[in-house]
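Novice: First the structure, which I've put down as C-alpha cells, then a few questions once you've had a look.
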Amino acid sequence: LPPRTRDPGWLRAFHAVVPSLLADFEPQLLFTQCGVDSHEEDPLADLSLSVDGHRTIYATLRDLAETYAGGKWIAVGGGGYQLIRVVPRSWTHLIATVLDRDVAPATPLPPAWRETVTKAAPHAELPQTMTDDRDTGFKPWGDGEDDPVDIAVRDTRRAVFPLHGLDPDDPRD
C-alpha cells in the first residue's frame with residue numbers, strides 16, 4: 001500500500017482481497033499476526049492506521065474466522081514500537097476481541113496504569129481513552145476509483161486471484 005495509508009484505505013484494500021481468498025482457500029484455522037507497527041506513530045511500516053483501525057480489523061478477523069474457519073482463530077502479537085501510547089491499547093482491543101469482550105473506544109485508561117506509566121516516563125503524553133478518535137468507514141472496492149490504494153489493490157488482485165480461479169476485475173470476487 002502507498003505510504004501513510006490511513007484506516008479507510010487499508011480496510012478497503014483488506015476487504016478487496018482477503019475475504020475472497022479465504023472463501024476459496026477454506027481454512028480450518030485462521031492464524032493472524034496482529035502487529036501494530038502499522039500505527040501512524042510507528043515509523044517502521046510507514047502506514048497511518050489508528051488504534052480504531054486496529055480495533056476494526058480485529059473485529060473483522062473474528063468475523064472471518066467464524067465465517068471461514070468455524071470460529072477457530074489464533075491471534076498473536078508482534079511488531080509495534082510505540083510502547084506507551086499504542087501497543088497497550090491496540091493489544092487490549094485484540095485480546096478483548098478474541099475473548100468476545102469488546103472494549104468501547106471511549107473507555108478511559110485505568111488510573112493505576114496511567115500513574116505507573118507517568119512514574120516511569122514522566123514526560124510521556126498519555127492518551128486518555130482506548131481510541132484515537134478516527135473514522136474507520138470505507139467504501140467497498142470496485143467502484144471505479146483509481147487512487148493509489150486502488151491501484152495497489154488492482155495489482156495485487158491481478159497477481160493473486162487467477163491462481164485461485166477468481167476474477168481479479170470482478171468486485172464480487
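The values are calculated or read from the model by the stated rules, or taken from the named source; none is laboratory data. The shown structure was predicted, so the numbers you read here are calculated from the model rather than taken from an experiment. Positions of Cβ are generated from backbone atoms using ideal geometry, with glycine treated the same way; all protein chains shown enter the neighbour counts. Calculation scope for accessible area: heavy atoms of the full protein, side chains included, ligands and nucleic acids excluded. Shrake-Rupley method; radii C 1.70, N 1.55, O 1.52, S 1.80 Å.
Novice: If you check every pair at least six apart or on different chains, which have Cβ atoms under 8 Å apart with a residue in region 154-169 that is over 19 Å from Gly9 (Cα atoms) and charged (D, E, K, R) first and a residue that is part of a helix (DSSP H, G or I) and open to solvent by less than 70 Å² (accessible area, probe 1.4 Å) second?
Specialist: If the second residue must be part of a helix (DSSP H, G or I) and open to solvent by less than 70 Å² (accessible area, probe 1.4 Å), the pairs left are Asp167/Phe161.
Novice: To continue, here is another question. Would you check if there is a residue in region 33-56 being surrounded by fewer than 16 Cβ atoms within 10 Å (Cβ to Cβ), under 26 Å from Asp143 (Cβ atoms) and in contact with a helix residue (DSSP H, G or I) (Cβ under 6 Å, 6 or more places away or on another chain)?
Specialist: No - not one qualifying residue is present in region 33-56.
Novice: I'd like to verify a number: residues in region 15-41 that are among the hydroxyl-bearing types (Ser, Thr, Tyr) and outside any loop (DSSP other than H, G, I, E, B), how many?
Specialist: Total satisfying the criteria: 2.
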